[in-house]
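Down below is the structure, laid out as structure tokens.
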Amino acid sequence: MKKGLIVLIVLAIAAFGLYQWGVGFNNTAVEYEANAKTAWSNVESSYQRRNDLIGNLVKTVQGAADFERGTLKDVIDARSKATSTTIDANNLTPEKMAAFQQAQSGLTGALSKLMVVVERYPELKANQNFLELQAQLEGTENRINVARDRFNEKVNIYDIHTTKFPGKLLAGLFGFEEMARYSADPGSENAPDVDFDFE
């Protein structure tokens, strides 16, 4: 009888230990996942700030006489596509992340072209509103980079927790999946071609 009781107590302690381990793993994974989702919201917020600034920049540039309408249209179209491409933080798949990055890269490219074309317009380069918006955009690009880096750090912590053994076994049981990271834009490893020929 004593042997049976001891075995029962040992099994109860083991079951309680496994339960505590499962609860601890789950709660930590939930916390790490929430931190990564919050970091993603900060990435989107930084991009939204950039989109708002670009709207003001376009209005300022539109006021310049004979400004190249095609360049402005490219920026407006790219901005529209970038603002319509969003990702739900609960569904950060690699495919959706790639689509988001592609839309943002398109806007970055159109904006870069706009800034090169502005060099041909001395009245714009001297416009105080334009200069202030340009400075704010540069600061926002830095914010975006910092927000993306912080997002990747949070995803890394979450992914390590949910993919290391033995946690990987529980991750599958509790429905935790690997999250997509923000990666460098395709072609960003190549230096951009700069053309200063304005003739």
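Since every read-out is calculated from the coordinates, none of them should be taken as a lab result. Note that the structure is predicted; figures quoted are calculated from it, not measured. Every residue, glycine as well, gets a Cβ built from its backbone with ideal geometry; the counts of neighbours run over all protein chains shown.
Between residue 6 and residue 157, what FRET efficiency comes out of the Förster formula 1/(1 + (r/R0)^6) with R0 = 41 Å and r the beta carbon distance, rounded to 0.05?
Values: r = 41 Å, r/R0 = 1.00.
Once the sixth-power term is evaluated, E becomes 0.50.
Would you order 115, 179, 97 from fewest to most other beta-carbon atoms within 10 Å of each residue's own beta-carbon? Write down the numbers at each step before the final one.
Numbers: 115 13, 179 23, 97 17.
Ascending Cβ contact count within 10 Å gives the list 115, 97, 179.
From Cα pairs below 8 angstrom and at least 6 apart in sequence, can you work out the relative contact order of the stretch 71-174, rounded to a whole percent?
Details: 39 pairs, mean separation 21.3, N = 104.
Once normalised by length, the contact order is 21 percent.
With the crude spin-label approximation of a point 7 Å out along Cα→Cβ, what separation in nm comes out for residue 183 versus residue 113?
2.6
With unit charges on the beta carbons (Lys and Arg positive, Asp and Glu negative) and the dipole taken about the Cα centre of the chain, which residue among 80, 180, 128 sits farthest to the positive side?
180
Could you give the size of the charge dipole of the stretch 78-152 about its Cα centre, using +1 on the Cβ of each K and R and -1 on the Cβ of each D and E, expressed in debye and rounded to the nearest 20? Walk me through the intermediate numbers first.
Numbers: 9 positive and 8 negative charges, 27 e Å.
The calculated dipole for the stretch 78-152 is roughly 120 debye.
For the chain, what does the helix formula give at 222 nm: sum of -39500 (n - 2.57) over DSSP H segments with n ≥ 4, over the residue count, nearest 500 deg cm²/dmol? Intermediate values should be presented prior to the final figure.
Numbers: 6 runs with 150 residues, N = 199.
Mean residue ellipticity at 222 nm (helix-derived): -26500 deg cm²/dmol.
Calculate the dipole size of the chain relative to its Cα centre from +1 charges on Lys and Arg beta carbons and -1 charges on Asp and Glu beta carbons; express the result in debye to the nearest 20. Numbers along the way, then the final one.
On the way: 21 positive and 26 negative charges, 260 e Å.
Using only the charged Cβ atoms, the result is roughly 1240 debye.
Which order do 19, 32 fall in if you start with the one that has the fewest other Cβ atoms within 10 Å?
The most exposed by this proxy come first: 19, 32.
Using 7 Å Cα-to-Cβ label points, what is the residue 99/residue 165 separation (nm, one decimal)?
Going from the residue 99 label point to the residue 165 one covers 3.7 nm.
Multiplying the sequence separation of residue 90 and residue 30 by 0.36 nm and subtracting their Cα-Cα distance, what value in nm do you get? Spell out each step's value before the answer.
Working: separation 60, 0.36 × 60 = 21.60 nm, distance 1.20 nm.
Additional length available on full extension: 20.4 nm.
What does the convex hull of the Cα atoms come to per residue for the chain, in Å³? Please report the intermediate quantities before stating the final value.
Values: hull volume 23.3 nm³, N = 199.
About 117 Å³ per residue, rounded to a whole number.
Can you bin the stretch 21-105 into rounded, prolate or oblate? Criterion: square roots of the alpha carbon gyration tensor eigenvalues sorted a ≥ b ≥ c, rounded for a/c under 1.5, prolate for a/b above b/c, oblate for the rest. Please report the intermediate quantities before stating the final value.
Details: a/c = 6.37, a/b = 3.03, b/c = 2.10.
Taking the square roots of the gyration eigenvalues as a ≥ b ≥ c, the stretch 21-105 is prolate.
So if I place +1 on the C-beta of Lys and Arg and -1 on the C-beta of Asp and Glu, and nothing else carries charge, what would the dipole magnitude of the stretch 26-93 be about its Cα centre? I want it in debye, nearest 20.
On the way: 8 positive and 9 negative charges, 43 e Å.
The calculation lands at about 200 debye.
Lysine pairs in the chain with alpha-carbon atoms under 18 Å apart, 8 or more places apart or on different chains: how many are there?
12
Got a sec? Charge dipole of the chain, +1 on Cβ for Lys and Arg, -1 for Asp and Glu; which of 118, 39, 99 is way out at the positive end?
After comparing all options, I get 39.
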